[in-house]
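Asks: Take a look at the following structure, please.
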Amino acid sequence: MRHRRRPPPGQPIPSPNIWHWPEIYEVENRAQDVDGVVFAALRRLADWTGRDVLDVGCGTGFHLPEFARDARTVTGVEPHPPLVAAARERVAGLGGVRVLAGSAEKLPVPDRSVDVVHARTAYFFGPGCGPGITEAMRVLRPGGLLAVVDLDATASPYGDWMRADLPHYDPATVEAFFDAQGFDLTRVLTRWEFQDRRALRTVLGIEFTERTAERAFTQVAGLSLSVGYRIHTRRAASGLVLA
Ligand SMILES: C[S@@+](CC[C@H](N)C(=O)[O-])C[C@H]1O[C@@H](n2cnc3c(N)ncnc32)[C@H](O)[C@@H]1O
């Protein structure tokens, strides 16, 4: 995990994994959560059937087709131009799905126009993401849900590798931040499964420093590993809001 440093406002947060190695990141996305535990949890938190979904920091649009199975419309928002193009290519021909260039701090959609804002391992990394939260609340309809999905750095073994590479990253501070902003927290444990050991090693190589990737590779016995996620959710206000 080498993509957590926040740049000056208005600039995208560098994401070396998907920016530099989108093909390997595709292998990673396919290996991630093969049992669909995150999506099952998201569905329990916010059923988007017949509703409008916005995926912030959608990257190459990997998750857009899954939302599109039931949603009325799906909008991916992504600041990195090559990824906007890749996401558009992925969803070409999928009805009701579009990809817009934009960022979490300035979503290119009107007020109160979506029911679910989803962000997965994108932008919402803790302190400093306030502008994105405010913006998500602007575009959500009353009662709509912001769901921030991120890796759980407290869950071994993946979390140990994360913290080895990010010694200043404090999971407790991040979780306290979301808690203070009125988010609920759901933890889930997923299984990542790779087709072969070479794919596993290559993916570890884009996520970690060489030293940590090598250690992680030796610690995974076969083709699968457990990876924990945090899902932080906050609902947009509904009903009478007093001044
Ligand atoms: C690790 S990738 C995850 C992509 C996608 N959510 C997925 O799960 O496949 C992080 C993404 O966040 C995007 N990103 C960076 N800064 C952003 C910002 N300020 N607003 C929205 N997205 C941002 C990156 O360009 C990248 O596509």
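Asks: Checking the condition without any contact (Cβ under 8 Å) to a residue 60 or more places away in the chain, within 9 Å of the ligand (Cβ to nearest atom) and hydroxyl-bearing (S, T, Y), which residue from T73, T60 passes?
Replies: Among T73, T60, only T60 is without any contact (Cβ under 8 Å) to a residue 60 or more places away in the chain, within 9 Å of the ligand (Cβ to nearest atom) and hydroxyl-bearing (S, T, Y).
Asks: Run down E193, E210 and say which single residue is touching a residue at least 24 places away in the same chain (Cβ under 8 Å) and of a type in the set (D, E, K, R).
Replies: E193
Asks: Output the residues belonging to segment 114-130 that are closer than 21 Å to F39 by Cα and either of a type in the set (A, V, I, L, M, F, W, C) or within 14 Å of the ligand (Cβ to nearest atom) (or both).
Replies: V114, V116, V117, H118, A119, R120, T121, A122, Y123, F124, F125
Asks: While we're looking at this one, here's another question. Would segment 189-201 turn up any residue that is more than 19 Å from I24 (Cα to Cα), at pLDDT 95 or above and surrounded by fewer than 17 Cβ atoms within 10 Å (Cβ to Cβ)?
Replies: Yes, the conditions are met somewhere in segment 189-201.
Asks: Could you please find all residues in segment 219-236 being of a type in the set (G, A, S) and closer than 24 Å to C129 by Cα?
Replies: Result: G228, A236.
The values are calculated or read from the model by the stated rules, or taken from the named source; none is laboratory data. None of the values given here were measured: they were computed from a predicted structure. We place every Cβ from the backbone using ideal geometry, glycine too, and count neighbours over all the protein chains shown.
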